[in-house]
């Protein structure tokens, strides 16, 4: 049988107060319940932890040896419960994001800075990757959230539109396209285009037209 936290707290309280009466008041336990807790603890460790006398209660040499360990165990237990409570309250933990380079360098820093102020104990890591890699990281559970274009493997993830973006044509002064309020794709494709990497989701969108 292993000692319980309740028994350890009873032991530490009696050691600190030198009295069963004061310890029972501090722990909100009856004196018989406190005595039973100490008796069971002594049975667990295989020896006497306190000397009782008319002058009070004193630790035995073995009790003095055990006291720092008991305090540490109680401290570890309380800390573990506190950490677990923070996890359930979303006050501590880790979030991994996978985002397109344009998003990672654009609006994301401002959003993350605000989130960090609100939840300082949550660690955030960001993978700056291409769209296909965003899909892979989220599908394989290596990232919690992906910020990208609509995924190709929609069945493996849940996609929620957040923003809409649009393409613009950047032309030199005097270019014929500047006379148009809206440039249709067929008009744009009459001219040479400076493209981006073939791995880019933007390049894929242009070539799909």
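Of the residues making up region 73-87, one or more are under 30 Å from residue 148 (Cα atoms) and free of Cβ contacts under 8 Å to residues at least 40 places away in the same chain. From the list 163, 149, the lone residue that is within 22 Å of residue 98 (Cβ to Cβ), touching a helix residue (DSSP H, G or I) at 6+ places or on another chain (Cβ under 8 Å) and at pLDDT below 85 is 149.
Is it fair to say residue 84 is over 19 Å from residue 18 (Cβ atoms) and surrounded by 13 or more Cβ atoms within 10 Å (Cβ to Cβ)?
Numbers: over 19 Å from residue 18 (Cβ atoms): yes; surrounded by 13 or more Cβ atoms within 10 Å (Cβ to Cβ): no.
For residue 84, the condition - over 19 Å from residue 18 (Cβ atoms) and surrounded by 13 or more Cβ atoms within 10 Å (Cβ to Cβ) - is not met.
Within region 8-49, the residues that satisfy the criterion of being touching a helix residue (DSSP H, G or I) at 6+ places or on another chain (Cβ under 9 Å), within 22 Å of residue 77 (Cβ to Cβ) and outside any helix (DSSP H, G or I) are 29, 49.
Mind listing whichever residues of region 10-47 are without any contact (Cβ under 8 Å) to a residue 12 or more places away in the chain and in contact with a strand residue (DSSP E or B) (Cβ under 7 Å, 6 or more places away or on another chain)? Of everything in region 10-47, nothing turns out to be without any contact (Cβ under 8 Å) to a residue 12 or more places away in the chain and in contact with a strand residue (DSSP E or B) (Cβ under 7 Å, 6 or more places away or on another chain). Between 56, 46, 75, 63, the distinction of being modelled with pLDDT of 90 or more, at positive phi and either surrounded by 16 or more Cβ atoms within 10 Å (Cβ to Cβ) or outside the structural domain of residue 119 (by TED's automatic domain parsing) (or both) belongs to 46 only.
The values are calculated or read from the model by the stated rules, or taken from the named source; none is laboratory data. The shown structure was predicted, so the numbers you read here are calculated from the model rather than taken from an experiment. Glycine also receives a Cβ, built like all others from the backbone with ideal geometry; neighbour counts cover every protein chain displayed.
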